[in-house]
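Trainee: One structure is given below, represented as structure tokens, and several questions about it will come after.
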Amino acid sequence: MRLDYGSGNDGFLMRNLTGLCCSADCRRMTRAQTAAKMMQCFHFMVEPAKNLTAKIKESNKRAKREKKEPLDEDQLFVVELAKDLSRVCQRSEVLEHICNQDDTWSSSLCRLFVLQSASMLENKKTLMQTDGWPEMDEGKQPDLINGQDLERAKAVILNWIKDLRAQPEQSVWPGEPVAKILEDLQSAWRWGRAPNLLTAMELVLWTLASQRPDKNTIPQQWLLWKQRTHKIGAISYIPQPVWDWIGDAAVEVTLDLDTANPDLLISADEKRMRCGFERKDVPNYHQRFDGWWCAVGLHGLGSGRHYWEAEVGECDWRLGVAKESALRKGFKSLNTNTGYMTLRLERGTEFKALTVPFTALPPGLIPRKVGVYLDYDNGQLSFYDVDKHLHIYTYNETFTERLFPLFGTVEIVRDLVIRSPAPKTHCLCPTSCLWA
């Protein structure tokens, strides 16, 4: 089998590396096996590359520190809180970056974090019994927080810190799942995939306050809470251990031909769809879409966790779920009032969640591969950017009937493709993968 590595310096390097690591038998390997073998050859570059990146970032941080403005009262409060949390919690080296002011948050973000933290601490008993922190008032803007509310919140945190300071240094083990998430968040922050370490500090604070006997459930409960707040931007980067847990719920989804709009072309494996030029002559079943260019999955979902992925076009698509009772005829808006929970991209730029009224989403969140995660029993439907491991939006609702995966497109060149989630890989990198 001839492998084409290209020309030029890159092609020369690839050909020579292949010669070093492959015998005559290796040359008969598939392209995927060869790529995997070459990745092992490249592993000697991982640590030097990481060290170089760390040195560059440290150099930039030193330059910023020299020009840094003094921290205000709210920022200093968060820095001191990070020091207290880091002193007690094992494997919380990630918080040292906050303590050392390598990661300094805006004053408004610090104030909002203080209010959220105090709200959680005041409801510790509720936290033990439910799925997460109480939600913040949607109308409360970070820049319009009442000074009295902020001072009261700081007093609540300081009262809790008194008990925390009585514990010996490094006395609390958060559990292996939490430790792995903290390592991944630190790595993602260093490589620029996470904007700040706010999520890491939230997770440490929650871990120390909740003291759950089964610490393995903390990452999952944390995700439930983060998604339940469902504010735009409330969650950004999803840590790899949590992403793996979401992927554990993967299911195979195929299209139900009896529901597909007659204008749609469906592939033989019932996993691809696009618009054709002629309307097919098919039976007009009551469950068939005859207006919007949509189809639903073959099987309804009525309990448990489910995850699937779809590659989407660049101009117009919709993804989500349809309730079993939702009407499918005509051009009525497919929104929450008509039994649908979906994301929609129109004209390549208008990105929205079809709530009532619709919720506009930032163009920067528009994905090319979408992950859809349904936690039926906890009443959540969430959407993710698969390539970037970013949260996009979450619907929160109590489900009472079966839900069918929904797919829609009007593109005539590019298929909408239902994909099976990629299998987990065991990378040689100690934390977040260099090659991700």
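Trainee: Based on the mean of other beta carbon atoms within 10 Å per residue, what is the order of 265-276, 317-328, most packed first?
Mentor: Descending packing order for the listed peptides: 317-328, 265-276.
Trainee: Exceeding 25 Å between C-alpha atoms, which entries from my cross-link table qualify? They are Lys280/Lys332; Lys180/Lys271; Lys215/Lys388; Lys271/Lys323.
Mentor: Lys180/Lys271; Lys215/Lys388
Trainee: Something else: Report the charge-dipole magnitude of the stretch 237-359 in Debye, nearest 20, computed about the Cα centre from +1 at each Lys and Arg Cβ and -1 at each Asp and Glu Cβ.
Mentor: 500 debye
Trainee: I would also like to ask the following. Defining a contact as two alpha carbons under 8 Å apart and six or more residues distant in sequence, what relative contact order in percent does the stretch 301-426 show?
Mentor: 35 percent
Trainee: Probe of 1.4 angstrom, ligands and nucleic acids ignored: what's the accessible area per residue over the stretch 249-380, in square angstrom?
Mentor: Per residue, the stretch 249-380 has 45 Å² of solvent-accessible surface.
Trainee: Using a 1.4 angstrom probe with every protein chain in place, what is the largest-first accessible-area order of Lys154, Lys215?
Mentor: Lys215, Lys154
Trainee: Could the peptides 106-118, 409-421 be put in order, highest first, of the mean number of other beta-carbon atoms found within 10 Å of their residues?
Mentor: Peptide ranking by packing, descending: 106-118, 409-421.
Trainee: From Cα pairs below 8 angstrom and at least 6 apart in sequence, can you work out the relative contact order of the stretch 231-298, rounded to a whole percent?
Mentor: 36 percent
Trainee: Also, I was wondering about something else. Going by Cα centres, the stretch 340-396 and the stretch 252-307 are how many Å apart?
Mentor: Here the two parts' Cα centres lie 20 Å apart.
Trainee: Could you give the nm distance between label points at Leu71 and Lys369, where each point is 7 Å from its Cα heading toward the beta carbon?
Mentor: Calculated label separation equals 3.9 nm.
Trainee: Something else about it: Ordering Lys226, Lys329 from largest to smallest accessible area (1.4 angstrom probe), what's the sequence?
Mentor: Lys329, Lys226
The values are calculated or read from the model by the stated rules, or taken from the named source; none is laboratory data. For clarity, every value in this text was computed on a predicted model and none was experimentally measured. Don't worry about glycine lacking a Cβ; one is built from the backbone with ideal geometry, like all the others, and counts go over all protein chains shown. The area values use the complete protein model at the heavy-atom level, side chains included, leaving out ligands, DNA and RNA. Shrake-Rupley method; radii C 1.70, N 1.55, O 1.52, S 1.80 Å.
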